[in-house]
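**Student:** Okay, handing you the structure first.
The values are calculated or read from the model by the stated rules, or taken from the named source; none is laboratory data. Predicted, not measured: the structure shown is a model, and the values here were computed from it. No Cβ is skipped: glycine too gets one built from the backbone with ideal geometry, and neighbour counts run over all protein chains shown. The protein model used for the area step is the full one, side chains on, heavy atoms only, and it has no ligands, DNA or RNA in it. Shrake-Rupley method; radii C 1.70, N 1.55, O 1.52, S 1.80 Å.
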Amino acid sequence: MSRDIVSLDNVYANRLGTFVKLTNSILPVQYPDSFFQEIVQNKNGKETSFAQLAFYSEVAVGAVKAKLIANKKGGILPHGMYIEVLAVLEHYSGKGIGTKLLEYVESEAKKHYQHALYVHVASDNVRAITWYKKRGFEQDGDVLLDYYKNTTGSANALVLKKTF
Amino acid sequence: MPPRKFLGSKNLAGRAKEHSQFLEALKLYESRQYKKSLKTLDTVLKKDSLNIDALALKGLDLLSLGEKKDAENYVKNAISKIQSIGASAICCHVLGIYMRSTQNYAEAIKWFQTSLDNGSANQQIYRDLATLQSQIGDFKGALASRKTYWESFLGYRSNWTGLAVAQDINGEHEKAIDTLSQFEKLVEGKLGEPELYEHNECLMYKNDIMFRAAGDNKDKLHNVLNHLNEVEKDIFDKYGVLDRKAAIYHKLGDSKLASKYIRMLIQRNPDDFQFYGRLEEALGIQNDNEKREILYGNLQKFYPRSDPPKFIPLTFIDDKSKLEAKFADYVIAQLKRGVPATFGNVKPLYRSRSEFVPISDKVVNEFFQQVDPYKDPVSYVWTCYYLAQHYLYVKDFSKAESFINKAIESTPTLVEFYILKGRILKAIGKLDEAAEWLEEGRKLDLQDRFINTKTVKYLLRANNVDKAVETVSLFTKNDDSVNGVKDLHLVEAAWFIVEQAEAYHRLYLESNKRLHEKLSAVKTQGLVEEDVESQLKELKQLEWSTKKYQGLSLKRFQAVAKMYRQFEDDQLDFHSYCMRKGTPRAYLEMLDWGRRIYGNPMYVRSMKGASQILFQLHDESAESKKEFDETFNGIMKENAKKSKKVNSQLNKHRDEERKACVAYSESEDKDVFGLELISSQNPLEVFWNEFYKSYATKSSEEARDYVLEFEYQYRTGKLALCLAALNKYAKYHGEKSGLTGAMAITLLLATRESEPFEAIAQKVAFKGCESIKDLPVAERDNQEFDWCSFFTEHYEQDLPSLLFLYKHEPRQGETYKALILNQISTVRPQHQMQVLQYQL
């Protein structure tokens, strides 16, 4: 078969449940319902939120959600694309699925003239930190204490940043 | 009976004007201007209120306008006058059309026939007559009609085809072949492009008849073959030709050529199991396993991607180690690829050869040990899925659950796993939890209709009707209704309606039980002073739910039966359509299908469901009903004021409830809850008319349910027919079968003098009982005789027979109950619960 075994697709309203299921079963953080609704509710017509499902052999195994961040009022967050969720089922890791999802976010960022990606990672999540660093991310600033609220993992987080 | 002879209008001259007015009205009817037609008729009837023609036509006009009741009155009026005055040919024709439109086909035939007898020159009537005769199964009559019509209109192929089909059905094969051949000669060389298809169908149909008529006669078979070779170039159905050739050579005993053609068929479709069996037969090796193995070995090489060559050897190889190796090849290859249906593929083997169960256990578990979920997650999860199904099959529920949990944990996005999880929970009897898991799976993809449907089914099994309706309505058209129930009736979604009927029935049984418990508690202890209102409310609510659920259940069962009557009726158009389109082969298949529809599992299921309700309504003695009413009404009367208040509270919701249950448009059906249906004075008659008649008269003898027949006739008091049912049952299921014994005992005890059956019927039944082997008829009147022990000693006791006796022999009810409890200890918890909750 010439077709790639890993593919990405949009998150349609009917399949939002799959996205929720993946996020909730992979990540230790519990998100509110409104967080997921953002994906299917296109606010004021402007594209600021991006999400995809990743399929391995046509089974949904990974998910990504990112949003553009503006810095008009000089807030803490700088310009760029912020990755809110990037998750792949444990058994399907190491198959290039996460990389593909990251590539998607990067290309969307470029399309919108953004040249930086940001992500929060729990400070004890060594695997994820290594994974991001391997793909050109670097730590940005100090550890944020008590960043995560509804989590079973560490509450502290660091910001990783990639510029291109 | 309509008169045979046209008596004519006595003073035709005086009525000439009216007659021409009538003809005008007829024209208006034909051009569908029913209202204008009615107006014209009214002027006729004003002058001559006895004008039968006008009365009849007025009936037909009204019917076309949807005024069924009025239409019926006019037609009845017309018919009653015909008895004395006689009728014109036109009038009879009009009446025939009316009868046909009201689905009264036998009557329609009578009137059409009379119209012809009374001198109608309208030859078209013969065509309509043939259609109606075919519809009611009067093929002899249909042949005569087709023939007459054919004689008048020789220029149409459809008439020739129709005649040939009628001849064929009546067993006149030679004549049918002749008819088809004559027409072929007539059209030789004159066929245009558009006629080629029907021509090819008729050629093949002729070959069909020849083949059927040939039997095993070799000369005749050679003829069939020659004919086939002759027409082959004109036939479109290449598959049919190969199939026929293979069959002919097989019958001729030419295994070489037979197998050649079957191999060609296999090449066309290597996934069709039937060809492989036929190939074995043609080669004469169906009993030689060694040769079969070689055959399938070769076929596997030819068709490496096809299932049958790999699967079939598993059904006959005896050598245990070889079998295990073959099985492993078969299963592991699929598991490696992650084929979801792997277990489904081997399940037939579990059933036919139980030695596969341990083999499968071993082989797949070994494979599972070495699958790395990180390296090959797809294979891993589908193997978990397989093992979960395997353990569900062998009733090791905890293992089944642990494997499905593994699969869900690994890949929580595959909906199949949620369905299986639900199935396992269902088997353990956790119906609510099962439905919740289905719901969880459903959320993964809201536009997946399959999981939607499954979820609805599980919700109904858990008696959660409201949620089920809400869920199913996501996929239905809800334009003029608050939910999808009406649409599901319109699209004949029998799966939903029957499940809903069964859910309602269970809800009925539950609320009925609670109602009686509550009522007897109140009766003995009285109402608690400070809480009278809420108790009255509970009682009323229970009483209403009981009625409502029972009515709705029956109503839904009836809806399924209605669908099947519609299916039968839908054939009507095809008696002429298939002839015009030149598809006699498809037509004959349809007739065959039509003969068997009432034996369809869905119909039988609905009929049996309805029988439970209607038989119970019949069995409920008037006394116990009266007693219930007196107690209930008594309590309400004592607290009349509060009762009234409660009533108005409850009535507020009635309208909403009604809207949620509407199944048909209100103009057609006012009995939304089925309350009229359950308050029928004669439940057995309802059962006969709505359900049993079609089944009893139209399903084949072997397929019929003789226990149901017994139960029905027992209640009608026709013990002789019970005896017949018993004998038939014994014939098909064995004399030692549990139900044979249960029915025999029940029948014998029904012949005791104390039983309320007719003396003659009892005598006949007793005589029949005397000839039943081992049945101790002499003990009939012995009040102390232990029938239960007799039963267990002489018959194979099983659940259905014990339940049968439990219901019919209350004297030893407790003993039977104990046996039933013992019996269900080995079945799935799900079935145990069903018996405990709803049967005992």
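**Student:** State the answer as a single residue: which of B:451, B:388, B:723 lies farthest towards the positive end of the charge dipole of the protein assembly as shown, with beta carbon charges of +1 for Lys and Arg and -1 for Asp and Glu, about the Cα centre.
**Tutor:** B:451
**Student:** Over chain B, what is the relative contact order in percent, taking alpha-carbon pairs closer than 8 angstrom and at least six residues apart?
**Tutor:** Working: 923 pairs, mean separation 58.2, N = 840.
7 percent.
**Student:** Residue B:67 to residue B:30: FRET efficiency via 1/(1 + (r/R0)^6), r the Cβ-Cβ distance, R0 22 Å, to the nearest 0.05?
**Tutor:** Values: r = 19 Å, r/R0 = 0.87.
The value I calculate is 0.70.
**Student:** Right, next: Let me spell out the model: positive unit charges on the Cβ of Lys and Arg, negative unit charges on the Cβ of Asp and Glu, origin at the Cα centre of chain B. What dipole size does that give, in debye rounded to 20? Intermediate values should be presented prior to the final figure.
**Tutor:** Working: 121 positive and 121 negative charges, 332 e Å.
So the dipole magnitude of chain B works out to roughly 1600 debye.
**Student:** Starting at the first residue of the stretch B:449-456, write each ³J(HN,Hα) from the Karplus equation 6.51 cos²θ - 1.76 cosθ + 1.60 with θ = phi - 60°, in whole Hz, x for Gly and Pro.
**Tutor:** For the stretch B:449-456, the Karplus-derived couplings read 5, 4, 5, 4, 4, 4, 4, 4 Hz, x marking Gly and Pro.
**Student:** Another one. Determine ³J(HN,Hα), in whole Hz, for all residues of the stretch B:51-63 in sequence, where each value follows from phi through the Karplus function 6.51 cos²θ - 1.76 cosθ + 1.60 and θ = phi - 60°; x replaces Gly and Pro.
**Tutor:** My calculation for the stretch B:51-63 gives 5, 5, 3, 5, 4, 5, 5, 4, x, 5, 4, 4, 4 Hz in order.
**Student:** Just from its helices, what would the mean residue ellipticity at 222 nm be for the protein assembly as shown, if runs of 4 or more DSSP H residues each count -39500 (n - 2.57) and the sum is divided by every residue, rounded to the nearest 500 deg cm²/dmol?
**Tutor:** Working: 49 runs with 653 residues, N = 1004.
Only helices count here, giving -20500 deg cm²/dmol.
**Student:** Oh, and also: Taking every eigenvalue of the Cα gyration tensor of the stretch B:706-785, multiplying by 5 and rooting it, what semi-axes result, largest first, whole Å? Walk me through the numbers on the way to the answer.
**Tutor:** On the way: eigenvalues 66, 48, 20 Å².
Those come to 18, 15, 10 Å.
**Student:** Once Lys and Arg get +1 and Asp and Glu get -1 on their Cβ, which of B:542, B:601, B:688 lies farthest toward the positive end of the dipole of the stretch B:493-695?
**Tutor:** B:601
**Student:** Can you put B:403, B:273, B:450 in order of accessible area, largest first, using a 1.4 Å probe?
**Tutor:** B:450, B:273, B:403
**Student:** Which log10 I(q)/I(0) values does the protein assembly as shown give at q = 0.04, 0.05, 0.10 Å⁻¹ under the Debye formula, counting every alpha carbon as one identical point scatterer?
**Tutor:** So the normalised log intensities work out to -0.32, -0.50, -1.45.
**Student:** Could I have the simple spin-label model distance between residue B:470 and residue B:49, label points 7 Å from Cα toward Cβ, reported in nm to one decimal?
**Tutor:** 6.0
**Student:** Specify which residue in the list B:23, B:360, B:335 is farthest towards the positive end of the charge dipole of the protein assembly as shown, using unit charges on the beta carbon of Lys, Arg (+1) and Asp, Glu (-1), about the Cα centre.
**Tutor:** B:23
**Student:** Using only Cα positions of chain B, each an equal point scatterer, no hydration layer, compute I(q)/I(0) via Debye at q = 0.04, 0.05, 0.07, 0.09 Å⁻¹ and quote the log10 values to two decimals.
**Tutor:** Result of the Debye calculation: -0.26, -0.41, -0.83, -1.31.
**Student:** Taking every alpha carbon pair in the stretch B:237-292, what does the distance histogram look like in 10 angstrom bins from 0, in percent?
**Tutor:** For the stretch B:237-292, the pair-distance distribution reads 27, 55, 16, 1.
**Student:** Using the beta-carbon distance between residue B:639 and residue B:524 and R0 = 22 Å, what value does 1/(1 + (r/R0)^6) give for FRET efficiency, to the nearest 0.05?
**Tutor:** Working: r = 17 Å, r/R0 = 0.77.
With a Förster radius of 22 Å, E is 0.80.
**Student:** Each residue of the stretch B:467-473 in order: what ³J(HN,Hα) in whole Hz does its phi give by Karplus 6.51 cos²θ - 1.76 cosθ + 1.60, θ = phi - 60°, with x for Gly and Pro?
**Tutor:** 5, 4, 5, 4, 5, 5, 5
**Student:** Relative contact order, percent, of chain A when contacts are C-alpha pairs under 8 Å separated by at least 6 residues?
**Tutor:** Values: 276 pairs, mean separation 32.1, N = 164.
The value is 20 percent.
**Student:** Could you tell me which of the pairs B:375/B:457; B:81/B:693; B:562/B:670; B:399/B:817; B:555/B:693; A:21/B:421 are separated by over 26 angstrom between their Cα atoms in the structure shown? Present the calculation step by step, with values, prior to reporting the outcome.
**Tutor:** Working: B:375/B:457 37 Å; B:81/B:693 32 Å; B:562/B:670 16 Å; B:399/B:817 32 Å; B:555/B:693 17 Å; A:21/B:421 16 Å.
The pairs that break the limit, which is 26 Å between Cα atoms, are B:375/B:457; B:81/B:693; B:399/B:817.
**Student:** So, one more: Taking the Cα-to-Cβ direction at residue B:681 and at residue B:216 and moving 7 Å from each Cα, how far apart do the two end points lie in nm?
**Tutor:** Each label point lies 7 Å from its Cα, and together they span 6.1 nm.
**Student:** Then there's this: Amide H neighbours of residue A:84 under 5 Å, counting only residues 5+ apart in sequence or on other chains, H built in-plane at 1.01 Å?
**Tutor:** A:65, A:66, A:67
**Student:** For all pairs of alpha-carbon atoms in the stretch B:1-122, what percent lies in each bin of width 10 Å, listed from the first bin to the last filled one?
**Tutor:** Over the stretch B:1-122, the share of Cα pairs per 10 Å bin runs 15, 49, 33, 2 percent.
**Student:** A follow-up question, please. Give, to the nearest whole percent, the P(r) tail of the stretch B:565-636 beyond 20 angstrom, counting all Cα pairs. Walk me through the intermediate numbers first.
**Tutor:** Numbers: 1493 of 2556 pairs.
Tail of P(r) above 20 Å: 58 percent of Cα pairs.
**Student:** Sticking with this structure for a sec: Report the extension gain between residue B:659 and residue B:375 in nm, rounded to one decimal, defined as 0.36 nm multiplied by the number of residues separating them, less their alpha carbon distance.
**Tutor:** 96.7 nm
**Student:** Can you tell me how the stretch B:689-750 classifies by the Cα gyration tensor, rounded, prolate or oblate, using a/c under 1.5 as the rounded cut? Before the final figure, lay out each step's value.
**Tutor:** Details: a/c = 2.51, a/b = 1.28, b/c = 1.97.
The shape class here is oblate.
**Student:** To the nearest 0.05, what FRET efficiency results for residue B:322 and residue A:152 with a Förster distance of 56 Å applied to their C-beta separation? Intermediate values should be presented prior to the final figure.
**Tutor:** Values: r = 53 Å, r/R0 = 0.94.
E between residue B:322 and residue A:152, to the nearest 0.05, is 0.60.
**Student:** Can you tell me how chain A classifies by the Cα gyration tensor, rounded, prolate or oblate, using a/c under 1.5 as the rounded cut?
**Tutor:** Details: a/c = 1.33, a/b = 1.19, b/c = 1.11.
Rounded, since a/c falls under 1.5.
**Student:** Note the per residue figure in Å³ for the convex hull of the C-alpha positions in the stretch B:705-840.
**Tutor:** Value for the stretch B:705-840: 107 Å³ per residue.
**Student:** Taking the stretch B:493-695 on its own, what percent of its Cα-Cα pair distances exceed 27 Å? List each step's numbers first, then the result.
**Tutor:** Values: 9100 of 20503 pairs.
The calculated P(r) of the stretch B:493-695 puts 44 percent of pairs beyond 27 Å.
**Student:** So, one more: What ratio of Cα Rg to 2.2 N^0.38 Å holds for the stretch B:653-725?
**Tutor:** 1.51
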